[in-house]
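To keep things clear, I will list the structure first and then write my remarks on it.
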Amino acid sequence: QTCALPISMDGESMLYTLEHGDKVVISNLNYKPAEGDIVVVSRNAENTLKAEITSNEPIIKRVIAVGGQTVDIDFAIGTVYVDGKALEEDYLGSPTYDKYDVDFPIYVPEGYIFIMGDNRGNSMDSRDSRIGEGGLVDERYVLGRAVYRFMPFDKIGKLK
């Protein structure tokens, strides 16, 4: 099943790339998650945008690593490493100082992704074991990639 869907940004975990209330189009047409993509991930067993049964709303985050890669974070200096290389994260509002309960380094198996919000001081993401399976998200739960912001009008454009 392939489609493009409009969704509304809820919360501040993706500041300053996306803000609360921004509206984006997500697409899953021939989509395989890649590093740097902004994705919408289901948090319910039905893998739908609306979660009537579990009431777990989908989340929108950035893909940091995909299957076969290893993520490490130096929380003292706030730097994220993938396969030993520091990420150039010019989209961040603040460095990655906050550690939750996931231990690093962490290997991402095939079929999974490691995701983080751009607002690292205010994001529940793969640093928290309550996201996915011990912080890792099964690719089957990815509803699509955010490709285009269509609201507010002064920020219309393709997402990087």
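The values are calculated or read from the model by the stated rules, or taken from the named source; none is laboratory data. This is a predicted model, so every value here is computed, not measured. With ideal geometry, Cβ positions are generated from the backbone for all residues, glycine too; neighbour counts draw on all protein chains shown. All accessible areas refer to the heavy atoms of the entire protein, side chains included, with ligands and DNA or RNA removed. Shrake-Rupley method; radii C 1.70, N 1.55, O 1.52, S 1.80 Å.
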- Message: Working only with C-alpha atoms, what are the Rg and Dmax values of the chain, expressed in angstrom?
- Response: 14.9, 43
- Note on the structure: For segment 82-154, the per residue accessible area (1.4 Å probe, Å²) is 52
- Share of carbon and sulfur in the accessible heavy-atom surface of segment 85-160 [1.4 Å probe, %]: 52
- Return a whole-number percent for the relative contact order of segment 76-160, with Cα pairs under 8 Å and 6 or more residues apart as the contact set. 20
- Note on the structure: Expected max-MSF residue from I113, I131, I38 in the GNM of the chain (alpha carbon, under 10 Å) is I131
- Report the semi-axes of the equivalent ellipsoid for segment 73-125 in whole Å, largest first, where each axis is √(5λ) for an eigenvalue λ of the Cα gyration tensor. 17, 13, 12
- Query: Taking K and R as +1 and D and E as -1, what net charge do the other residues with C-beta under 11 Å from the C-beta of D37 add up to?
  - Reply: +4
